[in-house]
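Encoded as C-alpha cells, the structure appears first; notes follow it.
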Amino acid sequence: MTQDVLTAPGFTQITQASAEEVAARGDEPPWLRERRRAAWRLFEAMDFPDPSDEQWRRTDVRSMTFDAVRPLSASAPIAGASELPEALRSAWDEADAAAGRIVQHDSDVVHVELAEELRARGVILTDLHTAAREHPDLVRRYLSAAVPADEWKYVALNAALWSGGCFLYVPEGVTIDRPVHLSLVSASTSLGLFPHTVIVAEQGSSVSFIDEALSPDQAEPAFVSGAVEIFAGDGAQVAYYAVNRWGHHVYNFNTVRAILGRDSRVLALAAGVGGKVTKMRIDTRMAEPGASAQLLGITFGDRDQHFDYNTLQDHIGPHTTSDLQFKAAMAGASSMVWYGITRIEPTASASEANQTSRNLLLSEHAKAAPIPILEIEAFDVLKCSHGATAGPVDEDELFYLEARAIPRDVAEQMLVEGFFLDVIDRVPSERLRARLAQAVLTKAAGQGSRPDSASSLSFDEMLAAR
C-alpha cells in the first residue's frame, strides 16, 4: 500500500497528494506545507473516537462513508454577488453595514473587503493562504494553537486540507463597531470543505464576527470539517455567531474554541437549521482572572436531521464566569444531543457558572437528549447551576391562542418563535436577530397542518402578534 493512499474508512478520493495540491494552489511557504504533511500523518495514524465514549456514542462516525467526496473544487474566482449561484446570493447582503466582508465559494475565498479606516489602524482581514505569506509570524503563532491537529481524526484532516479560510487580526485598543461577516457558500456536488477561521483580538479590542455557511440541497452527500480559533486578549470583547444553513445533504463537523485573557468577554452563538448531520464542539477556556463567556444555542431540526453538540465551560482562573443557554425545537424524526460540561478547576476560586438546555418536541418521533455535567474541584465557588428539559408545546398555551381565533399551526409557530426569543434577543445585531428569527419561522412554517397560512406569517407580524 502506497503512502499517499488513505487507509481509513469513509474516503476513496482524498490522499496525501490532496494536501500538496491545496498548498500549491495557495502558494504557501515551506513551514506551512510541512505542517500540512505532519497533520496528514496524524490523520492516517489516528483512529476514530471510541464509540462507547459518552461524547461520541450518539453519533456513529465510523458508519459514515464519503467515497465520492472530492477534497478540492475547481478554482473559479468570482468578482461580485451577481456571479454567485442565484440560490446563494442571500449570503451577499449589500444592506448589511459590515465593517469587513469575506466570501468563500467552495474551496476558495473569492472576495475580501475591509473598511479603509480599519486597515489604516492595523486591522488585518484576509484568507489564510495570503495571511501565511504576508503575516507569517502571526499565523505561525496562532494557527492550530487553540484547535491542535492531534485533537481527533477529522480535526487532523482539516489541518492537512484547509483551503480558503479566514484570518482576522484586531490590534490592541481597536474597536470595530460593525460586524465582520464571513460567508461560506457552496453549490458543488460531492465536495469536501475544510474551512478554518482564526480570530485574534488583542488587549482592549472589540469585534463581532458573523460566520454563515449555506448551500442548496443536493442529491449526493457533502462533507465539512471546520475549525474556528478565537483568541481574546486581556480586556478584549469578541462576539462570534455561527449560522449553519447547510443543505440537507451535508455532514458537518466543526470545532470552535476560544482562549480568554484576563477580564476578557467572549460570546459564542451556534444557530443550527441546516445539514443532515451536525457534530459541533464549542469550548471556552478561561485561564485568566475575570474572564467571562456566554454560550448560546438555537437549533431547529426536521425530517431526519441530527444535531450533536458538545460544550465545555472550562474555569481555570479565579473570578471567572460563564453562562450557557441552548434551545432546540425538533420536528419530524429529527434528533438533538447536547452534552455540556462545566468544569471548575481547583484554581478557579470565586467563579460562577450556569448551563441551561430547553428542548421542544414537535412530533412524536422527534428526540432530544440534553446532558448537563458539572465537574467542581474548587471549594469556594460562588454559584454553579444547571438545568435541562424536553417536552411538547404546552397545550394550555395552544388553547389560549386558539381560543382567540388563531389557527393551531400558526399558534404553534408563534409559541416556537417565542420559545427562542429570549436567546435571539441576546444577539446585539438587529439584522442578525431578524435573520435568525426568520430562519426559525421558515422551518416552523412547514410543520403545521396548514402550511399555506403558517408560511404567510412574517417576522414582523410575529412580533406584532405577541
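The values are calculated or read from the model by the stated rules, or taken from the named source; none is laboratory data. Owing to the predicted nature of the structure, the values given are computational and were not obtained by experimental measurement. Positions of Cβ are generated from backbone atoms using ideal geometry, with glycine treated the same way; all protein chains shown enter the neighbour counts.
Below are the figures for this structure:
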item: Enumeration of residues in region 426-444 that are more than 17 Å from Leu360 (Cα to Cα) and either in contact with a helix residue (DSSP H, G or I) (Cβ under 7 Å, 6 or more places away or on another chain) or in contact (Cβ under 8 Å) with a residue 40 or more places away in the chain (or both); result: Arg426, Val427, Pro428, Ser429, Arg431, Leu432, Arg433, Ala434, Arg435, Leu436, Gln438
item: Index of the failed condition, Lys279 passing every other in (1) touching a helix residue (DSSP H, G or I) at 6+ places or on another chain (Cβ under 9 Å); (2) among the charged types (D, E, K, R); (3) not assigned by TED's automatic domain parsing to the domain that holds Val69; result: (3)
item: Filter result (small (Gly, Ala, Ser) and either in a strand (DSSP E or B) or on the phi > 0 side of the Ramachandran plot (or both)) within region 108-128; result: Gly122
item: Filter pass, Thr347 being out of contact with any helix residue (DSSP H, G or I) (no Cβ under 9 Å at 6 or more places or on another chain), hydroxyl-bearing (Ser, Thr, Tyr) and buried (at least 21 other Cβ atoms within 10 Å of the Cβ); result: no
item: Among the residues listed as Asp394, Asp422, Asp409, the single one being surrounded by 19 or more Cβ atoms within 10 Å (Cβ to Cβ) and either touching a helix residue (DSSP H, G or I) at 6+ places or on another chain (Cβ under 6 Å) or among the charged types (D, E, K, R) (or both); result: Asp409
item: Test for Leu296: is it surrounded by fewer than 24 Cβ atoms within 10 Å (Cβ to Cβ), in a strand (DSSP E or B) and in contact (Cβ under 8 Å) with a residue 60 or more places away in the chain; result: yes
item: Unmet criterion (only one of (1) under 30 Å from Asp67 (Cα atoms); (2) modelled with pLDDT of 95 or more) for Leu125; result: (1)
item: Looking only at region 149-205, and only at residues there that are of a type in the set (Ser, Thr, Tyr) and assigned to a loop (DSSP other than H, G, I, E, B), the one that is surrounded by the most Cβ atoms within 10 Å (Cβ to Cβ); result: Ser163
item: Residue in region 109-121 that is farther than 26 Å from Val174 by Cβ and at pLDDT 75 or above present; result: yes
item: Matching residues in region 189-222 - criterion: being more than 21 Å from Arg178 (Cβ to Cβ) and hydroxyl-bearing (Ser, Thr, Tyr); result: Thr189, Ser190, Ser215
item: Unique residue being free of Cβ contacts under 8 Å to residues at least 60 places away in the same chain, surrounded by fewer than 14 Cβ atoms within 10 Å (Cβ to Cβ) and within 24 Å of the chain's Cα centre (by Cα) when the list is Thr389, Thr356; result: Thr389
item: Test: residue in region 200-207 that is more than 14 Å from Val123 (Cβ to Cβ) and touching a residue at least 40 places away in the same chain (Cβ under 8 Å); result: yes
item: Qualifying positions in region 304-331 - in contact (Cβ under 8 Å) with a residue 40 or more places away in the chain and farther than 19 Å from Val381 by Cα; result: Gln305, His306, Asp308, Asn310, Thr311, Gln325, Phe326, Lys327, Ala328, Ala329, Ala331
item: Boolean, Arg343 is basic (Lys, Arg) and more than 28 Å from Gln413 (Cα to Cα); result: yes
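Table: residues versus (1) surrounded by fewer than 22 Cβ atoms within 10 Å (Cβ to Cβ); (2) modelled with pLDDT of 95 or more; (3) under 21 Å from Ser107 (Cβ atoms).
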{"position": "Val207", "(1), (2), (3)": "no, yes, no"}
{"position": "Ser215", "(1), (2), (3)": "no, no, yes"}
{"position": "Ala227", "(1), (2), (3)": "no, yes, yes"}
{"position": "Ala258", "(1), (2), (3)": "no, yes, no"}
{"position": "Arg262", "(1), (2), (3)": "yes, yes, no"}
{"position": "Val266", "(1), (2), (3)": "no, yes, no"}
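Residues are listed down the side, and each one gets a yes or a no for (1) buried (at least 17 other Cβ atoms within 10 Å of the Cβ); (2) in a loop (DSSP other than H, G, I, E, B); (3) of a type outside the set (Val, Ile, Thr); (4) touching a residue at least 12 places away in the same chain (Cβ under 8 Å):
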{"position": "Glu34", "(1), (2), (3), (4)": "no, no, yes, no"}
{"position": "Ala38", "(1), (2), (3), (4)": "no, no, yes, yes"}
{"position": "Leu42", "(1), (2), (3), (4)": "yes, no, yes, yes"}
{"position": "Pro49", "(1), (2), (3), (4)": "no, yes, yes, yes"}
{"position": "Asp53", "(1), (2), (3), (4)": "no, yes, yes, no"}
{"position": "Arg57", "(1), (2), (3), (4)": "no, yes, yes, no"}
{"position": "Phe66", "(1), (2), (3), (4)": "yes, yes, yes, yes"}
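Results for (1) out of contact with any helix residue (DSSP H, G or I) (no Cβ under 9 Å at 6 or more places or on another chain); (2) under 16 Å from His196 (Cβ atoms); (3) modelled with pLDDT of 90 or more; (4) in the same structural domain as Glu113 (by TED's automatic domain parsing), shown as yes or no for each residue.
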position	(1), (2), (3), (4)
Met1	yes, no, no, no
Pro30	yes, no, yes, yes
Arg33	no, yes, yes, yes
Arg58	yes, no, yes, yes
